[in-house]
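Undergrad: Quick one: the structure is below, questions incoming.
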Amino acid sequence: MAEVLLQNLEKRYENDAHAVKGVTLTARDGEFVVLVGPSGCGKTTTLRMVAGLEEITSGDLFIDGVRMNDREPKDRDVAMVFQNYALYPHMTVFENMAFPLKMRKVPKAEIKTQVEAAAKLLGIDHHLKKKPKELSGGERQRVAVGRAIVRKPKVFLFDEPLSNLDAALRTQMRAELKRIQRNLGATMLYVTHDQVEAMTMGDKIAVMNKGELEQFGTPSEIYEHPASVFVARFLGSPAMNVQPGEIIQDQNSSYFTSGKFKIKLSRQYQSGKVDAGIRPESISLVADSNDRDCVTGKLILIEPIGSVTHYYIEREDAIGGTFVASVPHGRIPDNHAMLGDSVIFRIPSEAIHLFDKESGKRIS
C-alpha cells in the first residue's frame, strides 16, 4: 500500500467556481481517512482529483512518494468504488470482479484464484454465478468492493458507497469495510456526508466546508476539540449547543456571560464577544438552582432514545435560544419534568468550548 499526500490542492472551473481551496493532508500507509462535510463542500471533487477523474488546477498530489498530477488514472494504481456500484448487468459476479484483471491480460488461473479469494473475504463466494439483479444492495456493494480488491491497488477510493443502503445494512457494511481494511492493511480515502460513518470508520477525519479543510485529526480529537463552530455543529448528534455571549473580567478571573447565565472559566481570556459551545451530554438537569452554573428554561420537547433522553429546553431570559440536553436514564431527576414545565439545567465550566465571534475559529 502507499501514503497519499495532498499539498495545497486547488480546483477551479471555467466559470470561476472555486470547488477546492488549498487542501493539505496526509493519509499514511494503511490509514483509513474519511472526507466528510455537507453537499457541495468539495469532498468528492478532492477524491476525483486523487483518482485522476478531475484535473488538478494547482497544488500537488503524491502517491507513494511519486507526483501524480499529470499521470493518467490508469497509471495511478488506485481503485475507486462508486455510490451506484457501476456493475455490468449482463455479467455474473465472477465476471464483474474479474473484469479489471482480464483487461490487464492476467492469466485465467490467476484470475480465478484472486477472484475466489476476494469473494471469500467478502462473504459472496456462493454468489459468483449470479447476475447483479439477483443480489441485494449490500451484496452488490460487496461485488464492487471485490472488483477493487482483486486489482491490489496502492490506494482504495470510496465515494459515498453506502448511501443507497437502508440504515441496518449501512451499519453492517460499515463494520465489514473496516474489517476488510484492517485485513488488507490498505490505505483508503472514503467520502461521506454522514457524520456517524466518519466517526466510526475513520482513523483520521478531514472535515470540509465550502471547499476548505476545516480540521484534520482523529475522531476523538475533532469531537473533543473542534477547531471551529462549523466543526462543532457538524459532528455530534444531537449537534453541539452554540450560544452567543461575551467574556468579561472580574478581578483576576474570566467569566462567560449570556443573558442571566454566568460561569467562571478555567483560565484567563481576553474580554470580547464569543460563541460558547456545549455538548448535549455535558448538560445535566438538576432539582434546584443553588449552583451558579445553572440556568432555567421551558421544556419544549422530550425524545427518549433507548438509554438516553434528549430534552429540548428554551431559555427563559432575554437571550432566548434552545438547548439540548442528553441525559442517561440514571441521571434524570426524580421529579420527572413534563412538556411546558420550567426546568433547571447545569453546564459545568470544563465543558465549554469558546469560539471567536467573527471568524468562528476556536479560542485555545
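Undergrad: In whole angstrom, how far apart do the alpha carbon centroids of segment 96-151 and segment 165-229 sit?
TA: Cα centres, segment 96-151 to segment 165-229: 26 Å.
Undergrad: From the mean inverse distance of alpha carbon pairs (Kirkwood) and the Cα radius of gyration, derive Rg over Rh for segment 222-364.
TA: On the way: Rg = 14.9 Å, Rh = 15.5 Å.
Answer for segment 222-364: 0.96.
Undergrad: Long-range amide H contacts for residue 265: which residues qualify at under 5 Å (H placed 1.01 Å from N, peptide plane, sequence gap of 5 or more or a different chain)?
TA: Excluding prolines and chain starts, which carry no amide H, the hits are 254, 255, 256.
Undergrad: With unit charges on the beta carbons (Lys and Arg positive, Asp and Glu negative) and the dipole taken about the Cα centre of the chain, which residue among 234, 65, 256 sits farthest to the positive side?
TA: It is 65.
Undergrad: For residue 105, list the lysines whose Cα falls under 20 Å from its own Cα; do not include residues on the same chain fewer than 8 positions away.
TA: By straight Cα distance, residue 105 reaches 74, 152, 154.
Undergrad: Then there is this: Note down the nm distance, to one decimal, between modelled labels 7 Å out along Cα→Cβ at residue 298 and at residue 13.
TA: 4.6 nm
Undergrad: Got the relative contact order for segment 138-242 handy, in percent, Cα pairs under 8 Å and 6 or more residues apart? Could you put the intermediate results ahead of the total?
TA: Values: 94 pairs, mean separation 18.7, N = 105.
Relative contact order of segment 138-242: 18 percent.
Undergrad: Going by amide H atoms built from the backbone, whose H comes under 5 Å of the H on residue 106, apart from near neighbours?
TA: none
Undergrad: Next question, about the same structure. Would you calculate the separation in nanometres between label points at residue 356 and residue 70, each defined as 7 Å from the Cα along the Cα-to-beta-carbon direction?
TA: Result: 3.9 nm between the two label points.
Undergrad: Right, something else. Calculate the FRET efficiency for residue 125 and residue 86 from the Cβ-Cβ distance with a Förster distance of 22 Å, rounded to the nearest 0.05.
TA: According to the calculation, E is roughly 0.55.
Undergrad: What FRET efficiency comes out for the pair residue 182/residue 104, r = Cβ-Cβ distance, R0 = 30 Å, nearest 0.05? Write out the running numbers ahead of the final one.
TA: Values: r = 27 Å, r/R0 = 0.89.
The formula returns an efficiency of 0.65 here.
Undergrad: Tell me which label goes with the value of Cα extents along the principal axes in Å computed from the coordinates here: (i) 56, 54, 41; (ii) 78, 45, 35; (iii) 66, 57, 41.
TA: (ii)
Undergrad: Next up: Of all GluC sites (Glu not before Pro) in segment 29-75, which ones are in loop regions per DSSP and have a Cβ with at most 14 other Cβ atoms within 10 Å? Working shown, then result.
TA: Numbers: sites: 31, 54, 55; in loops: 31, 54, 55.
Hits after loop and neighbour filter: 55.
Undergrad: For n ≥ 4 DSSP H runs only, could you compute -39500 (n - 2.57) per run for the chain, divide by its residues and tell me the 222 nm figure to the nearest 500? Display every interim value, and only then the final one.
TA: On the way: 8 runs with 85 residues, N = 364.
Mean residue ellipticity, 222 nm, calculated: -7000 deg cm²/dmol.
Every number in this text was worked out from the coordinates using simple rules, so none of it is lab data. As the structure is a prediction and not an experimental result, all values here were calculated from the model. Using ideal geometry, Cβ is built from the backbone for each residue, glycine included, and neighbour counts are taken over all protein chains shown.
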